[in-house]
Amino acid sequence: MSAANVLVVEDEDSIREMLVMVLEQADFAVKAAADVPQAVTLLDGDGPDMILLDWMLPGMSGVEWARRLKKEKRYSGVPIILLTARGEEEDKVKGLDFGCDDYVTKPFSPRELVARIKAVLRRSAHSTQSGKIAVGGIVLDTDEHRVSIGDKRLALSPTEYRLLEFFITHRNKVYSRNQLLDQVWGRSTYIEERTVDVHIRRLRKILGEYGTEELIQTVRGFGYRFSEQQ
């Protein structure tokens, strides 16, 4: 199996050089850029399998570039890990909502970083189901990363999309908040369980505009289930 290609975008020279060295020692193929314009030039060809992206970059911030990339069909499926010194939960949720797949707070250990990259790549590789899935009037297009009801496309954040995609592809089974954090946000993402409840409420509110919020069911004492059965 060929080595995974990782694009590192970090403006501090010493940190960027350290990241390249650590990842190459872990047998990744690495390209590095100091800002978004440089990174864009490195997207040519097959493109990266993973982007390791600093939050605070000169010019365009890392989270803004992540948001734009996730809107492009060609790069919407490329996993992104955000690197930042910001440690507040609100900042973590913001980064995840902008489309990042995981979040690593500086300072971090090289072993932890490599483990997280491998975990995100495994999750990405397992997301192989493609095409359109229809359930309860909801149509999930996994190729286009779109969700629609009738002729209306739902305006979902990347996190809301991933949560609904997980529910639709894992119907009729109860998942605890911890299990949803593992499956949707990633086992190495350190955010509180109540974050799941916040996103469930947001998703129900959106589905409620079309009368389908009852598909996401609360199972008291256990967690949540997505089902057409009451």
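The values are calculated or read from the model by the stated rules, or taken from the named source; none is laboratory data. It should be emphasised that the depicted structure is a prediction, and the values quoted were computed from it without experimental measurement. Note that each Cβ is placed from the backbone with ideal geometry, even for glycine, and that neighbours are counted across all protein chains shown.
Among the residues of region 58-68, which ones are surrounded by fewer than 21 Cβ atoms within 10 Å (Cβ to Cβ) and either touching a residue at least 60 places away in the same chain (Cβ under 8 Å) or not acidic (D, E) (or both)?
P58, G59, M60, S61, R67, R68
Anything in region 153-180 that is of a type in the set (F, W, Y) and over 16 Å from D197 (Cβ atoms)? List them, or say none.
Hit for region 153-180 is Y161, nothing else.
Restrict the check to region 192-202 and report whether at least one residue is within 25 Å of V78 (Cβ to Cβ), under 21 Å from the mean Cα position of the chain (by Cα), among the hydrophobic types (A, V, I, L, M, F, W, C) and part of a helix (DSSP H, G or I).
Among the residues of region 192-202, at least one is within 25 Å of V78 (Cβ to Cβ), under 21 Å from the mean Cα position of the chain (by Cα), among the hydrophobic types (A, V, I, L, M, F, W, C) and part of a helix (DSSP H, G or I), which makes the answer yes.
Given the criteria farther than 23 Å from R162 by Cα and either modelled with pLDDT under 80 or surrounded by 14 or more Cβ atoms within 10 Å (Cβ to Cβ) (or both), does L82 qualify?
Values: farther than 23 Å from R162 by Cα: no; either modelled with pLDDT under 80 or surrounded by 14 or more Cβ atoms within 10 Å (Cβ to Cβ) (or both): yes.
No, not satisfied.
Quick one: would you say V120 is modelled with pLDDT under 85, in the same structural domain as S76 (by TED's automatic domain parsing) and of a type in the set (V, I, T)?
yes
Here is a list: G136, G59, G99. Which entry is on the phi > 0 side of the Ramachandran plot and modelled with pLDDT of 90 or more?
G59
Sort out which residues of region 175-226 are polar (S, T, N, Q), under 23 Å from L154 (Cβ atoms) and either modelled with pLDDT of 90 or more or buried (at least 19 other Cβ atoms within 10 Å of the Cβ) (or both), and write them in order of number.
T195, T212, Q217, T218, listed by residue number.
Is it the case that L53 is assigned to a helix (DSSP H, G or I) and either at positive phi or of a type outside the set (S, T, N, Q) (or both)?
When the stated conditions are applied, L53 does not pass them.
Inside region 1-51, can you point out the residues that are in contact with a Ser or Thr (Cβ under 9 Å, 6 or more places away or on another chain) and under 17 Å from A119 (Cβ atoms)?
D49, M50, listed by residue number.
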